[in-house]
Amino acid sequence: MSKTLYDKLWENHVVHVEADGTALLYIDRHLVHEVTSPQAFEGLKLAGRKPWRVSSIVATADHNTPTDHWEKGIQDPVSRQQVETLDANIHEVGALAYFPFKDKRQGIVHVIGPEQGATLPGMTVVCGDSHTSTHGAFACLAHGIGTSEVEHVLATQCLLQKKSKAMLIKIEGKVGAGVTAKDIVLALIGKIGTAGGTGYAIEFGGPAIRALSMEGRMTVCNMAIEAGARVGFVAVDETTIEYLKGRTFAPKAADWEKATAYWRTLVSDADAPFDAVVELDASEIAPQVTWGTSPEMVASIEGNVPAPEDFSDPVKREGVARALEYMGLVPHTPINQIMIDKVFIGSCTNSRIEDLRAAAAVAKGRHVAANVKLALVVPGSGLVKHQAEAEGLDKIFLAAGFEWRQPGCSMCLAMNDDRLLPGERCASTSNRNFEGRQGNGGRTHLLSPAMAVAAAIAGHFSDVRELTS
Amino acid sequence: MEKFTTYEGLVVPLDRANVDTDAIIPKQFLKSIKRSGFGPNAFDEWRYLDHGEPGMDNANRIKNPDFILNQQRYQGASILLVRSNFGCGSSREHAPWALQDFGFRAILGESFADIFFNNCFKNGLLPIVLPKAEIDALFLLTKSTPGFRITVDLAAQVVSRPDGHKIPFVVDAFRKECLLNGWDDIDLTLRQAEKIRAFEAQRRIEQPWLFA
């Protein structure tokens with residue numbers, strides 16, 4: 001029988017199945033960060049258990065770490081304690097690799113896994129972070145998990161999981177100039193909604209996905225969770241294999257040959273059955289900007305802020321009214337007339353080298369508008385930062401009036417000092433525009449790195465295609 | 001884990017869709033390295049008029065009188081009634097920890113986000129999916145009937161309203177057993193330790209690069 005990629009990945013990891021179909025899945029890679037792991041390590045210790053296989057662990061500190069004045073260390077004592085707790089836990093139990101605060105390879109856990117070749121096709125990857133779906137770009141079954149599950153994986157090397165339904169999202173055609181992976185995934189979420197993928201494992205396919213770089217595929221898979229799907233993935237092709245070649249933890253020599261032969265089988269069979277298929281035409285996607293407090297509240301840069309009356313469902317209408325009030329927006333306002341206060345380029349969605357190159361290409365020779373109080377560029381990892389500096393991108397950003405920071409999660413979720421003040425409006429390349437996400441009372445608009453720079457330069461949302469054409 | 005068998009409690013209606021885990025427990029409280037004490041900060045940004053930070057004396061903060069959980073008639077509520085896609089967003093287990101620490105034992109809604117749904121079961125907090133029509137009716141009843149209480153019977157998989165109306169619900173057999181017995185997942189899984197070891201040994205042979 002023909003199989004989906006999901007079937008293949010699933011079957012390759014099933015250790016045991018309960019009568020109701022609940023399975024024990026073997027976990028190949030366990031990514032660990034400071035926020036969701038302390039209680040798990042403590043639980044393990046209290047129960048007198050040892051980690052099952054520490055060589056599956058790759059750990060880093062990312063959520064709490066500051067992005068400037070590293071010489072001062074972590075000023076917030078509560079944040080510092082959490083990072084030091086991770087240091088102590090990893091020191092005690094061990095790991096395949098640990099990139100602590102200030103290490104030159106430290107960074108956002110979902111950036112460094114692939115960058116190190118610690119994320120490989122066919123793996124099950126887990127992390128106590130919902131954006132673990134990012135690793136699906138490598139044809140991994142990558143689940144975001146809670147802290148109890150972090151402890152469960154530490155203790156047993158397995159995850160209890162029921163098989164989801166399979167959804168194929170086919171992005172047909174070709175994106176136009178200035179339209180990126182971020183625009184594809186935002187347009188998709190706008191179409192299927194933030195619960196559209198709930199209960200499904202999503203395979204992203206079609207020519208527009210195949211045409212994306214690994215960075216672009218990571219951006220798309222990263223936001224699978226924003227469409228409600230715990231896992232999202234892309235089949236292996238030459239782009240996947242090319243990216244992995246020579247990376248630190250990627251297989252070498254004879255293993256490389258054997259591995260790549262296996263990886264090439266990680267595609268859905270031609271006539272594999274899906275429970276749902278969604279198609280989108282890439283050529284119809286314009287640059288996207290969210291206007292509300294949920295990623296599904298999104299419009300094209302050519303569009304307008306909607307009115308609550310546009311929605312027939314009363315719960316939805318009420319939700320839109322509340323979102324507009326929170327966002328301080330008037331119905332029917334053209335998106336490109338909304339003024340901004342801050343700009344954030346970074347996060348596990350859009351902080352990789354390709355994102356920074358795209359942003360720098362727009363920033364080059366231009367300057368941030370006077371009304372923009374702060375424009376931050378936060379690379380995803382120390383290695384991304386180093387690469388960007390080698391290419392001179394830091395100088396372009398600095399000359400354009402952006403700040404060039406140290407790596408970390410930063411203003412995506414504002415656990416460190418990078419945050420919005422109440423009422424401030426931000427053009428952000430991150431993944432969530434929830435109320436208070438980037439700081440209490442802050443107003444977040446999600447968009448691509450190139451669009452974030454276009455907004456920084458104009459002082460309001462602006463169509464990057466008019467700057468670059 | 002705390003057992004869940006039959007539970008009767010006061011219902012509070014949180015009438016909005018897509019309630020995300022950032023709203024349930026804002027990020028600044030995630031800096032704690034403990035598993036308990038999140039209740040006073042559940043829904044912090046909606047519940048209080050000032051900005052909350054870890055270490056504040058929550059008893060002396062000014063509450064938002066318009067927020068449903070602050071209304072007198074819902075004090076002591078332990079069953080949360082919600083709309084669709086409740087718990088979307090981050091995987092933070094601090095969200096169910098906060099709800100449970102607040103005093104909730106069950107959540108009734110049209111739908112839940114996957115990770116949140118899963119996290120609830122690990123903490124003896126029962127999320128129940130009911131048809132939209134039943135949820136709509138429960139919202140009407142809860143709002144119109146002060147002191148509206150319901151009973152959740154996990155063994156029978158039934159929610160009972162005071163008027164005798166019974167609403168059946170679906171729950172995975174494995175999860176149900178775990179909750180009814182208060183079983184620890186890790187203990188259960190470790191009963192399969194031999195199988196895990198055998199699987200791992202085979203994998204080491206077939207894909208040695210995964211064990212570098």
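Rule-based calculations on the coordinates, nothing more; no lab input. Bear in mind the structure is a predicted one, so any value in this text is a computation, not a measurement. In this analysis, Cβ positions are derived from the backbone assuming ideal geometry, glycine residues included, and neighbour counts consider all displayed protein chains.
Here are some notes:
- Calculated [222 nm] ellipticity per residue, helices only, for the protein assembly as shown: -9000 deg cm²/dmol; basis is -39500 (n - 2.57) per DSSP H run with n ≥ 4, divided by all residues, nearest 500.
- Each label was represented as a point 7 Å from its Cα along the Cα-to-Cβ direction; for B:Thr151 and A:Glu391 these points are 6.6 nm apart.
- Antiparallel %, DSSP beta bridges [both residues in chain B], to 5: 50 percent
- In terms of surrounding Cβ atoms within a 10 Å radius of their Cβ, A:Thr194, A:Thr180, A:Thr260, A:Thr333 rank from fewest to most as A:Thr333, A:Thr260, A:Thr194, A:Thr180.
- At 1.567 mPa s and 4 °C, Stokes diffusion of the stretch A:228-357 via Kirkwood alpha-carbon radius, µm² per second: 67 µm²/s
- Entries of A:Lys102/B:Lys34; A:Lys316/B:Lys31; A:Lys72/A:Lys102 with Cα pairs more than 23 Å apart: A:Lys102/B:Lys34; A:Lys316/B:Lys31
- Across peptide A:140-148, the mean count of Cβ atoms from other chains lying within 10 Å of each residue's own Cβ comes to 6.
- The chymotrypsin sites (Phe, Trp or Tyr not before Pro) of the stretch A:296-393 that meet both conditions, a loop assignment by DSSP and at most 15 other Cβ atoms within 10 Å of the site Cβ, are A:Phe311.
- Across all directions, the average flat footprint of the convex hull enclosing the Cα atoms of the stretch B:69-212 is 11.4 nm².
- Residues in the stretch A:165-182 carry Karplus couplings, in order, of 7, 9, 10, 9, 10, 9, 9, 7, x, 9, 6, x, 4, x, 9, 10, 4, 4 Hz; the curve used is 6.51 cos²θ - 1.76 cosθ + 1.60 with θ = phi - 60°, and Gly or Pro positions show x.
- Ratio of Rg to Rh over the stretch A:171-255 (Cα coordinates, Kirkwood Rh, two decimals): 1.03
- Among A:Met451, A:Met327, A:Met1, the order by Cβ neighbours within 10 angstrom, fewest to most, reads A:Met1, A:Met327, A:Met451.
- Positive minus negative residues near A:Ile145 (Lys, Arg vs Asp, Glu; Cβ under 13 Å): -2
- Selection from B:Pro40, B:Asn64, B:Asn18, by position along the positive dipole direction of the stretch B:1-64 (Cβ): B:Pro40
- Close lysine pairs were tallied over the stretch B:131-202: pairs 8 or more places apart or on different chains with Cα atoms under 22 Å apart number 4.
- Principal-axis tilt of helix B:193-206 within chain B, Cα atoms, nearest 10 degrees: 60 degrees
- Rounded to 0.05, the FRET efficiency of the B:Arg204 and A:Val277 pair, given R0 = 51 Å and the Cβ-Cβ distance, is 0.85.
- Using a Förster distance of 35 Å, the FRET efficiency for A:Thr239-A:Glu302 (Cβ separation, nearest 0.05): 0.70
- Spin-label zone in the stretch B:94-115 - amide nitrogen under 20 Å from a point set 7 Å from the Cα of B:Asp136 along the C-beta vector: B:108-112
- Residue exposure sequence - A:Ser37, A:Ser410 - by fewest surrounding Cβ within 10 Å: A:Ser37, A:Ser410
- The modelled label-to-label distance for the pair A:Ala253/A:Ser55, using points 7 Å beyond Cα in the direction of Cβ, is 1.6 nm.
- Quotient of Cα Rg and 2.2 N^0.38 Å for the protein assembly as shown, N being how many residues it contains: 0.91
- At most 16 other Cβ within 10 Å, DSSP loop - GluC sites (Glu not before Pro), the stretch A:362-469: A:Glu391
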